[in-house]
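Undergrad: Following this message is one structure expressed as structure tokens.
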Amino acid sequence: MTQTIINPTPKDYKSEVKPTWCPGCGDFGVLNATFRGLAELKLPTDQTVVVSGIGCSSRFPHFMKTFGFHSVHGRALPVAQGLKMARPDLNVITVGGDGDFFSIGAGHLVHAALRNIDITVVVMDNEIYGLTKGQTSPTSPQGHVTKSTPYGLLASQFNPIATALSLNVSFVARGYSAKPKELAALIQQGVQHKGFSFIHALSPCPTFYHTFDAWDAAVTPIEAEHDTHDKAKAIALALETERQYTGIFFKEERTTMDQAAHQQVQQSRPFDIEQYMKRYA
Amino acid sequence: MENEVTIRIGGESGEGTISGGDILALASARWGYHVYTFRTFPAEILGGPCMFQVRISDHPVKSMGDYADVLICLNKEAYDRNIGELRHGGVLIYDPSDFTPDQSDCITYAVPFNEIARKEVQLFQTKNMVMLGAICGLFGPPLEAIIQVVQSKLSRSRKANATLMEKNLLALDVAKKYVTEKITKSDPYLLGPVEKADRVVLNGNQAIVAGALAAQCRYFSGYPITPASDIMEGMAKELPQVGGTFLQAEDEIAALASVLGASYGGMRAMTATSGPGFSLMTELIGLSSMAELPVVIVDAQRAGPSTGMPTKMEQSDLSFALYAGHGDTPRIVIAPSSVANCYDLIIQAFEMAERYQMPVLFLTDQSLTARVESVDRHIFKTPELHERLQYNTNGSSSNGHHGSYAHEQMLVGAGTGAHDYARYANTTTGISPMSTPGTGSPAYVATGLEHDEAGHPDYEPEDHIAMMEKRFRKLATAAEEMPQPERYGDADATIGVIGWGSTEGTIQEAVDRARAQGYKVAALHPKVLSPLPDKAIQEFINSVDKVIVPENNYSGQLANLLGAKYGLKAIRVNKFGGIPFTASEILRAIEEVR
């Protein structure tokens, strides 16, 4: 029988599976922040599903005591949305990296934003492909030299926050793995937010692209007076790329598709095949 | 011929050719006849040549008919395109203001469709009603049967109004009178009164929707694609009414991914697509097989490769369905052969997906999606369903679903032993008890990585071997548990015909006709193509001298499979122009066996 823990601690979310991440990986900070955020919310592990794609960060569900779905590269968002549409009673959290969400699965982000299904996405962005050992990512800076861009990256850099804001995502925030307390608070608020919440978690890769120092210097908390309903201001902050603002850029309450769909279902009746076939008689 | 006629209507899309044909089919079926339709769609959205053929008979109809007995041409192009399909001595009906036919070996009736619609009814859109009125006058369906259908169709239409109804009735009446008074009937085709029967009239896609709903499918996600979109539209309309949810996905990858998410959440879930969309889904078919998540995927085959011919039929996705995906990926492949089969086998597809926890690919084709058949109503019963093997919190497993899906008072569950639960327990059947989130049963991680019994990533050679064998063991279990296909025809046949998918009725009709000519012939039509019913197929092959394998594809995909598995050197009969077989084509192949 599953046991009920009334006042869970972050440890209660930690599975016995040892993370495969390199020592010093930013993802440890995000994992700990997630434990902490979920503990604050007292989320029942058996009513919570963590969905991921493929990449270093997508191993995440294995390290948690919640239900998990470690899917294929880029498809965490549609898996999570299908789960939430079918089972709106569950807490659904989607995790993964910049490759998953901004490259192979970027198309899904657009539609997740439009639908505003009540799931939370935590993107662990290290600006590099780690699992495949150091190729360029959409969030790598222009000119960046990697194994796949030996002469420097020719494409420009993807701006996750500005993109999320332009897509009308209903909760947009950024945190930093080196500040797990603040990140935990953002995850907590993201999960609480009714709708699609997008948390951009800066999570450096010490092995293939060491950005700790740069981000330590660039990370700047959004000032407390920021009006989280002011989208123009939020976009302005997002476009200030020499700084990495952290905190909540924007949030708004909108109808969620899962809620709306299940309101339709309120009037439903059990299916009766004999009744149904009358239309073809 | 008494009480049987095959009528083909050729016209321009948008002038009521198809809707007129639909009305004729439905009215004939309600009157008590068996019907079987075949239609082609133009590539154009508006306009373009289209054709509707309905075979109407007082005995069960198994195929679309070799030729049209009656051809109605609503314009010259329809005549040019379809005259070759009119039987020698058949009836050609045309409007002399459109063209003058040059054909001499048929009976011709000139009916001024255009003039009657324009001048007498004074509404050109009633041209298809004029045509139906003429059919009633010439071949027997009572006008009342047509009127009933027109009335019920119009009552559901946005464009309906009293004048329109009146004009439609007038058109029917005037045309019937015209042919009765002006045309001397010299053909043998006449439908007389028959006993009413309890049948329903629907197409393959509609039967799939009905079956999926009856099978308790409560989540659907798809992306529009011809010829599968009707399934999506049907599910979009019906699911909310029965407590299910629907999501139009951004692409087919997302469609299947979200269906897998729903299945993980314990729902019976499906998607429906055609070749191009199916191609996009292949990576997720592997995930479904590896993570052992039940899912039903309908592939309404159309002529390929690539975009191919979206509105034309082909049976050319069999090899793809059998092998789609990288790695060794067990899956179940089912191919229905009729509208009735679309209903009962889609239910079977859900049952097998849930029982064996793997993807079930359901192969229809364009001709079956649009084929309207009259079907005995009694087959549409509430099916007996079995839940997926559930993991119970006391460690036992059962086929019952006990979770209430409510938050209740559980704050944090699965405190101890999380991930210790052997989600992928290596059982003798290969089937492992599943846990569903939010039901009080223990947590686990579904993963596409190779894993141990607990679902933890595991690359050890012995574990990969054990899990691979476990996954494939489910196919062996399925092969044992599934019903075997039944032989049709002579027990002492020397000629065998093995087919798959939508050709079954046509093959059976050919077998009937060959037997009537004195041939010793039998047919076998497996509905489950993975796992194959080895015993039944081998026995069948051994029992005959020669085996014909007719397929609507270029390469002979079933023949290739039977050759590889059983060493069969089949006589291949391949038709791949986008049009189904006629019974006479298969009969000819039987006659040609040496």
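The values are calculated or read from the model by the stated rules, or taken from the named source; none is laboratory data. Remember, it's a predicted structure, so these values are computed and weren't measured experimentally. Every residue, glycine as well, gets a Cβ built from its backbone with ideal geometry; the counts of neighbours run over all protein chains shown.
Undergrad: For residues that are under 13 Å from A:Asp230 (Cβ atoms) and in contact with a strand residue (DSSP E or B) (Cβ under 7 Å, 6 or more places away or on another chain), tally how many sit in the range A:245-265.
TA: Total meeting the criteria: 4.
Undergrad: Take B:Ser306 and decide whether it is hydroxyl-bearing (Ser, Thr, Tyr), out of contact with any Asp or Glu (no Cβ under 7 Å at 6 or more places or on another chain) and within 11 Å of another protein chain (Cβ to nearest Cβ).
TA: No: the conditions fail for B:Ser306.
Undergrad: Right, here's the next one. Helices (runs of 4 or more DSSP H) wholly in the range B:103-193 with at least 3 residues that are without any contact (Cβ under 8 Å) to a residue 12 or more places away in the chain - which ones?
TA: Fully inside the range B:103-193 and qualifying: B:143-155, B:162-182.
Undergrad: Mind counting the residues in the range A:103-128 that are in a helix (DSSP H, G or I), in contact with a helix residue (DSSP H, G or I) (Cβ under 6 Å, 6 or more places away or on another chain) and more than 26 Å from A:Thr146 (Cβ to Cβ)?
TA: 2
Undergrad: Which of the helices (runs of 4 or more DSSP H) contained wholly in the range B:488-594 include at least 3 residues that are within 22 Å of B:Phe38 (Cα to Cα) and modelled with pLDDT of 95 or more?
TA: B:504-516, B:583-591
Undergrad: Out of B:Gly65, B:Gly90, B:Gly14, report the one residue that is within 20 Å of B:Gln125 (Cα to Cα) and outside any helix (DSSP H, G or I).
TA: B:Gly14
Undergrad: With the condition kept exactly as written, say whether any residue in the range A:29-40 is at the interface with another protein chain (Cβ under 10 Å from one of its Cβ atoms), touching a helix residue (DSSP H, G or I) at 6+ places or on another chain (Cβ under 7 Å), closer than 28 Å to A:Phe212 by Cβ and part of a loop (DSSP other than H, G, I, E, B).
TA: Taking every residue of the range A:29-40 in turn, none turns out to be at the interface with another protein chain (Cβ under 10 Å from one of its Cβ atoms), touching a helix residue (DSSP H, G or I) at 6+ places or on another chain (Cβ under 7 Å), closer than 28 Å to A:Phe212 by Cβ and part of a loop (DSSP other than H, G, I, E, B).
Undergrad: Working carefully through the options B:Thr273, B:Thr282, B:Thr329, find the one that is touching a Gly at 6+ places or on another chain (Cβ under 8 Å), of a type in the set (Ser, Thr, Tyr) and surrounded by 23 or more Cβ atoms within 10 Å (Cβ to Cβ).
TA: None of the other options fit; the residue is B:Thr273.
Undergrad: Then there is this: Given the conditions (1) surrounded by 15 or more Cβ atoms within 10 Å (Cβ to Cβ); (2) more than 22 Å from A:Ser177 (Cβ to Cβ), which single one is not true for A:Ala260?
TA: (1)
Undergrad: Go through the range B:564-582 and give me each residue that's under 21 Å from B:Arg302 (Cα atoms) and either in contact with a Phe, Trp or Tyr (Cβ under 9 Å, 6 or more places away or on another chain) or crowded, with 16+ Cβ neighbours inside 10 Å (or both).
TA: Those that are under 21 Å from B:Arg302 (Cα atoms) and either in contact with a Phe, Trp or Tyr (Cβ under 9 Å, 6 or more places away or on another chain) or crowded, with 16+ Cβ neighbours inside 10 Å (or both): B:Arg572, B:Val573, B:Asn574, B:Lys575, B:Phe576, B:Gly578, B:Ile579, B:Pro580, B:Phe581, B:Thr582.
Undergrad: On the given criteria, is A:His108 surrounded by 24 or more Cβ atoms within 10 Å (Cβ to Cβ), at the interface with another protein chain (Cβ under 8 Å from one of its Cβ atoms) and out of contact with any strand residue (DSSP E or B) (no Cβ under 9 Å at 6 or more places or on another chain)?
TA: Criteria met by A:His108.
Undergrad: State the number of residues belonging to the range A:167-184 that are more than 11 Å from A:Ser197 (Cα to Cα), in a loop (DSSP other than H, G, I, E, B) and in contact with a Lys or Arg (Cβ under 6 Å, 6 or more places away or on another chain).
TA: Total meeting the criteria: 0.
Undergrad: Six or more apart or on different chains, Cβ atoms under 6 Å: show the pairs whose first residue is in the range B:228-254 and more than 8 Å from chain A (Cβ to nearest Cβ) and whose second is surrounded by fewer than 19 Cβ atoms within 10 Å (Cβ to Cβ) and modelled with pLDDT of 95 or more.
TA: Filtered contacts from the range B:228-254: B:Glu252/B:Leu280.
Undergrad: Output yes when any residue across the range A:154-171 is closer than 22 Å to A:Ser58 by Cα and within 14 Å of chain B (Cβ to nearest Cβ), and no when none is.
TA: The answer is no, given that none of the residues of the range A:154-171 is closer than 22 Å to A:Ser58 by Cα and within 14 Å of chain B (Cβ to nearest Cβ).
Undergrad: In this structure, does B:Leu247 turn out to be modelled with pLDDT of 95 or more, in the same structural domain as B:Pro305 (by TED's automatic domain parsing), in contact with a Ser or Thr (Cβ under 7 Å, 6 or more places away or on another chain) and hydrophobic (A, V, I, L, M, F, W, C)?
TA: So B:Leu247 passes the test.
Undergrad: I've got another one for you. Which condition does B:Thr436 not pass, out of (1) touching a residue at least 12 places away in the same chain (Cβ under 8 Å); (2) outside any helix (DSSP H, G or I); (3) over 18 Å from B:Ala425 (Cα atoms), if it passes all the others?
TA: (3)
Undergrad: Another one. Consider B:Glu509 carefully, then state whether it is among the acidic types (Asp, Glu) and in contact with a Lys or Arg (Cβ under 7 Å, 6 or more places away or on another chain).
TA: Yes; evaluated as a whole, the condition is true for this residue.
Undergrad: OK, next. Regarding the range B:552-560, can at least one residue be identified that is within 27 Å of B:Val360 (Cα to Cα), of a type in the set (Ser, Thr, Tyr) and either buried (at least 20 other Cβ atoms within 10 Å of the Cβ) or in contact with a helix residue (DSSP H, G or I) (Cβ under 8 Å, 6 or more places away or on another chain) (or both)?
TA: Within the range B:552-560 (the criterion being within 27 Å of B:Val360 (Cα to Cα), of a type in the set (Ser, Thr, Tyr) and either buried (at least 20 other Cβ atoms within 10 Å of the Cβ) or in contact with a helix residue (DSSP H, G or I) (Cβ under 8 Å, 6 or more places away or on another chain) (or both)), the answer is yes, since at least one residue qualifies.
Undergrad: Moving on. Residues that are among the basic types (Lys, Arg) and either more than 11 Å from chain B (Cβ to nearest Cβ) or within 22 Å of B:Leu247 (Cβ to Cβ) (or both): which strands (runs of 3 or more DSSP E) entirely in the range A:186-281 hold 1 or more of them?
TA: A:244-251
Undergrad: From the list A:Asp89, A:Asp46, A:Asp100, exactly one residue is assigned to a loop (DSSP other than H, G, I, E, B) and in contact (Cβ under 8 Å) with a residue 40 or more places away in the chain. Which is it?
TA: Answer to the check: A:Asp89.
Undergrad: Counting only residues that are aliphatic (A, V, I, L, M), assigned to a helix (DSSP H, G or I) and within 14 Å of B:Trp500 (Cα to Cα), which one in the range B:305-358 is farthest from the chain's Cα centre (by Cα)?
TA: Here the answer is B:Leu322.
Undergrad: Further question: Scan the range A:147-168 for residues that are over 16 Å from A:Gly97 (Cα atoms) and in contact (Cβ under 8 Å) with a residue 60 or more places away in the chain and jot them down.
TA: Correct list: A:Ala162, A:Leu165, A:Ser166.
Undergrad: What number goes with the only condition from (1) in contact with a Leu (Cβ under 7 Å, 6 or more places away or on another chain); (2) crowded, with 24+ Cβ neighbours inside 10 Å; (3) not in a helix (DSSP H, G or I) that B:Gly261 does not pass?
TA: (3)
Undergrad: May I ask you to say which residue of B:Lys176, B:Lys153, B:Lys159 is modelled with pLDDT of 95 or more, outside the structural domain of B:Gly265 (by TED's automatic domain parsing) and farther than 30 Å from B:Gly275 by Cα?
TA: B:Lys176
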